[in-house]
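Asks: Encoded as C-alpha cells, here's the structure I'll be asking about.
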Amino acid sequence: MTNTNPIGLFDSGIGGTSIWKEIHGLLPNEDTIYLADSKNAPYGQKSKEEIIHLSCKNTEFLLNQNAKIIVVACNTATTNAIKELRAKYDVPFIGIEPAIKPAALNSKSHTIGILATQGTLNSELFHQTAEKFHDTKIIEQIGHGLVPLIENGDINSSEMNELLQMYLQPMIAAHIDYLVLGCSHYPYLIPQIKKILPKEIKIIDSGEAVARQTKNVLQEKVGLHPGNQPGKTEFYTNADPKVLFEILEKKYRVTVLDF
Ligand code: DGL
C-alpha cells in the first residue's frame, strides 16, 4: 500500500516543528504540511471547548490540503481534543502526550518532574496516564510564560532563565532523576535547561516516539510515499513568520495565511 498525499501537522505555534523535525528525519521522502496557529497561541490556558474548536479548524485546513494523516503536534490539543477529533473526522490522528511512561519505568529515585501547560496537566487524559504510575512521585509544574517567550524568539533571554530556574529548582530539590518535557515547544529550551539541571537528570520528550508511531500507522493503515526523492515541505502560519523561519534555520519558505 502506498499513498503520495502529505502528512499534516498542526500546533498552537512554532513548537510542533520539534515534532516535524523528528518525522521529517525518519520519513524524509514524505511530503509534509505544517500549520502554526500562532495567532491563537498559547492554547495552554484556553478552555477545552476553545481548544477543540481550534483543533477542528486546523484539522479542516490540513484535510483541505489532502493530508493522509494528521499529527497533532501539541500536547495541549492532544490531551484536550483528540477524542473529539477522532470521532469527527475519518482520518487517522497521531497525538502527542507527555512521556511519563518511559520516565516512570526507568526512574531510580521514583521521582520524576513534568513541565507542561496548564491545559495538559489539568486534562483527564493526563490524569488517567499519571494514575497508572502511582508508585512514582510525579512533580507537576505548569510552564507559565514559557510558550509566549518562545513564540517571540526570546529563548535565550534572562527572563526565560529566571522562569526555568523557578520551575526546575524545586524539582532538583525533590531529587527527580527524569524531567519530562510535556509541551512540543519545550525541546527548544533543552540547552537552557541543561545549564540548570545536574547532569545526572535525564530530559525526555515525545518527539521520537511520535515519529515512530506515525511511520507505523502509515505502514499499516494509510500507505507510505513510494518515492525516493526528498519530500516537499510547506509551512503555514497566521502570524508574523519571522520566528518560525528562524527556528527552521531559514531553510524553508513560510507562507502567511489569513486564518
Ligand atoms: N506546543 C503546545 C503543547 O505541546 C502548546 C503550547 C501552548 O500553546 O500553550 O502543549
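The values are calculated or read from the model by the stated rules, or taken from the named source; none is laboratory data. A quick note: this is a predicted structure, and the numbers were derived from the prediction, not measured. Reconstructed Cβ throughout: ideal geometry from the backbone, glycine too, with neighbour counts over all protein chains shown. Note: accessible area is taken over every heavy atom of the protein model, side chains too, but ligands, DNA and RNA are not part of it. Shrake-Rupley method; radii C 1.70, N 1.55, O 1.52, S 1.80 Å.
Asks: Which ³J(HN,Hα) values in Hz, rounded to whole numbers, follow from the phi angles of the stretch 61-67 under the Karplus curve 6.51 cos²θ - 1.76 cosθ + 1.60, where θ = phi - 60° and Gly and Pro get x?
Replies: Those phi angles translate into 4, 5, 5, 5, 9, 6, 4 Hz.
Asks: What accessible area per residue comes out for the stretch 112-259, rounded to a whole number of Å², with a 1.4 Å probe?
Replies: Details: 7820 Å² over 148 residues.
That works out to 53 Å² for each residue.
Asks: In nm, give the distance between the simple-model label positions of GLU249 and GLN65, each being 7 Å from the Cα along the Cα-to-Cβ direction.
Replies: 2.1 nm
Asks: Accessible area of the stretch 13-160 with a 1.4 Å probe: how many percent of it is carbon plus sulfur? Intermediate values should be presented prior to the final figure.
Replies: On the way: 2910 of 6170 Å².
Summing carbon and sulfur atoms, their accessible area is 47 percent of the total for the stretch 13-160.
Asks: Nothing charged except the Cβ atoms of Lys and Arg (+1) and of Asp and Glu (-1): what's the magnitude of the dipole of the chain about its Cα centre? Round to the nearest 20 debye. Show your work: numbers first, answer last.
Replies: Numbers: 25 positive and 29 negative charges, 103 e Å.
My answer is approximately 500 debye.
Asks: Now for a different question. Ranked from highest to lowest mean number of other Cβ atoms within 10 Å per residue, what is the order of the peptides 147-155, 78-86?
Replies: Packing proxy ranking, top to bottom: 78-86, 147-155.
Asks: Tell me the Kirkwood radius of the stretch 89-227: reciprocal of the mean inverse pair distance over distinct alpha-carbon atoms, in Å.
Replies: 16.2 Å
Asks: Also: Scan around GLY231 for amide H atoms under 5 Å from its own, H built in the peptide plane at 1.01 Å from N, and keep only partners 5 or more places away or cross-chain.
Replies: Counting only residues 5 or more places away or on other chains, the set is ASN29, GLU30.
Asks: Treat each spin label as a single point 7 Å out from the Cα along the C-beta direction, and report the ASN228 to LYS202 distance in nm.
Replies: In this crude spin-label approximation the distance works out to 3.6 nm.
Asks: Restricting everything to alpha-carbon atoms, can you work out Rg to Rh for the stretch 110-175 with a Kirkwood hydrodynamic radius?
Replies: Radius of gyration over Kirkwood radius for the stretch 110-175 works out to 1.03.
Asks: Under 5 Å between amide hydrogens, which residues at least 5 positions from THR117 or on another chain qualify, with H placed 1.01 Å from N in the peptide plane?
Replies: Counting only residues 5 or more places away or on other chains, the set is GLY143.
Asks: Still on this structure: Too long at a 22 Å Cα-Cα cut-off: which of LYS88/LYS221; LYS21/LYS232; LYS137/LYS199; LYS137/LYS215; LYS108/LYS199; LYS21/LYS250?
Replies: Long pairs (Cα-Cα over 22 Å): LYS137/LYS215.
Asks: Calculate what fraction, in whole %, of the accessible area of the stretch 204-259 sits on carbon and sulfur atoms when a 1.4 Å probe is rolled over the protein chains.
Replies: Carbon-and-sulfur percentage of accessible area, whole number: 47.
Asks: How many angstrom lie between the C-alpha centres of the stretch 33-101 and the stretch 212-231?
Replies: 20 Å
Asks: Something else about it: Mind checking Rg over Rh on the chain, alpha carbons, Kirkwood formula for Rh?
Replies: Checking Rg against Rh, the ratio lands at 0.96.
Asks: Pop out the ³J(HN,Hα) list for the stretch 112-122 in order, Karplus 6.51 cos²θ - 1.76 cosθ + 1.60 with θ = phi - 60°, rounded to Hz; leave Gly and Pro as x.
Replies: Per residue, the Karplus-derived 3J(HN,Hα) values read 10, x, 9, 10, 7, 7, 4, x, 6, 5, 8 Hz.
Asks: Kindly write out, for the stretch 226-231 in residue order, the coupling ³J(HN,Hα) from the Karplus curve 6.51 cos²θ - 1.76 cosθ + 1.60 (θ = phi - 60°), rounded to whole Hz, with x marking Gly and Pro.
Replies: x, x, 10, 8, x, x
Asks: Now, a different point. List the residues whose amide H sits under 5 Å from the amide H of ILE203, counting only those 5 or more places along or on another chain, with H placed 1.01 Å from N in the peptide plane.
Replies: Residues meeting the amide H criterion: LEU179.
Asks: Find how much the distance from LYS132 to THR4 grows on full extension, using 0.36 nm per residue of separation minus their present alpha carbon separation; answer in nm with one decimal.
Replies: Extra length available between LYS132 and THR4 comes to 42.2 nm.
Asks: Name the residue farthest towards the positive end of the dipole of the stretch 1-49 from the options GLY13, TYR43, ASN29, assuming +1 on Cβ of Lys and Arg, -1 on Cβ of Asp and Glu, about the Cα centre.
Replies: Of GLY13, TYR43, ASN29, it is TYR43.
Asks: What net charge do the residues around ASP11 carry, taking every other residue with its C-beta under 12 Å from that of ASP11, with Lys and Arg at +1 and Asp and Glu at -1?
Replies: Details: positive: none; negative: ASP37, GLU151.
Value of the local net charge: -2.
Asks: Return one number: the angle in degrees, 0 to 90 and rounded to the nearest 10, between the long axis of the Cα atoms of helix 75-88 and the longest principal axis of the Cα atoms of the chain.
Replies: 40 degrees
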